[in-house]
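Structure record follows, encoded as structure tokens.
Please treat every number below as a calculation from the coordinates, not as lab data. Quick caveat: nothing in here was measured; it's all calculated off a predicted structure. When we count neighbours, we look across all protein chains shown, and the Cβ atoms used for this are built from the backbone with ideal geometry, even at glycine.
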Amino acid sequence: MFNKRGVKKLLFRWMVATVVFFLIKVTSEHENDAWHSFLNPTSQFYYWTAFLFFMVTWEFNDWLIHRERKKGSLDLNNSLKIYALTMAVLLPLSTLTYYLALFPLKDTLGIQCEEPVIVEFISDVSRALLIGSTVVFVNLFYFSMKHREEMEEQMENLKKEMIASKYSSLRSQISPHFLFNSLNTLTSLMYEDRDLASDFVTRLATSYRYILDNKEEDLVSLQKELNFLDAYVFMMEVRHKDAISIQMDIKVKAEEYWIPTLTLQMLIENALKHNWYSKEKPLQISITSIENNALAIKNSLRKRELKEETTKLGLENIKKRYSYYTNKQVLIRQEDSCFEVIIPLLSKKVNEINLKEIS
């Protein structure tokens, strides 16, 4: 069953196909002859086959474009791929249709040819491919412009949110609560293990240096983030001792990919905040790469009762920051025993976007 939107789309495409057919017919014949000859079998055949090819090409091309847009934005490479796949469907369809109509079924359908049959056949297939190519390029242009408008609107909507949320994660790390916990841990270490206390101070200084050095940057290389995370994980493991276990298995070239600043730290902090753990039942956290496309941050799930209802601002912050740079989604999966967040890896090209240009 078609909904109203589907019916409107079908009617619109039928009107476009009809107008295109009559324009071609009027330009190839005298205007009066074009209108009078429309009802003869030959014209009816070409009209309905043109409509069929037009609809198949448009619908299939739409499907391909939507599929590519879910993976990311349209570019020259996937546009050429879309064109090639569309032609791969249209060419055999039009060739078979016109072959059957002009050779074995010519007399049955009552088709009259002004040119030799083989010439008419080649002409018909070529015309179908030309019209199909026009539909594809117009459609690609339309979706490219639509994507550009959506991105401009998205940028405008996110601009204020970006300004407001850009430093929220940084502020949370420089908060008195974090500093108090770190100093409290350091005080205990000074009496228990001075060498470990010295190492803790070094890592704490490294963490704050990273935050201060990148406070104006919304994106950093994965390599920088992992270097910072190494210091942060060390402090968390010292503070919670054997109650947490954080494992990393990154098999990509970290210097070639980018992520929003402090994304990994926020996800680890989120796991620590929302789960209970102990030496007997430690919290397991893993960070692994998924091919060259994404990182999966997974933790064992044992929810703790929080005094205040969670706002989920951390995850929303990450989603909004990613939506500014890519169409790829931040995926969240929760099962009975684990919670997982999958974040896309951004290419170096993304870093060329300068927020000052739209501010």
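Quick look at the numbers
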item: Share of alpha-carbon pairs per 10 Å distance bin for the stretch 195-302, given as whole %; result: 14, 44, 35, 8, 0
item: The stretch 47-107 - charge dipole about Cα centre, Lys and Arg +1 at Cβ, Asp and Glu -1, debye rounded to 20; result: 220 debye
item: Links that overshoot a 24 Å alpha carbon limit, given the list K215/K348; K251/K320; K81/K253; result: K251/K320; K81/K253
item: Interchain or long-range residues, amide H under 5 Å from M248's placed H; result: I287
item: Environment charge at P116 (Cβ cut-off 14 Å; Lys +1, Arg +1, Asp -1, Glu -1); result: -3
item: Tail fraction, Cα-Cα pairs, the stretch 112-156, threshold 17 Å, whole percent; result: 56 percent
item: For the stretch 122-130, Karplus couplings with θ = phi - 60° (6.51, -1.76, 1.60), whole Hz, Gly/Pro x; result: 4, 5, 5, 5, 4, 5, 4, 5, 5
item: Distance from the stretch 83-117 to the stretch 190-267 (C-alpha centre basis), Å; result: 66 Å
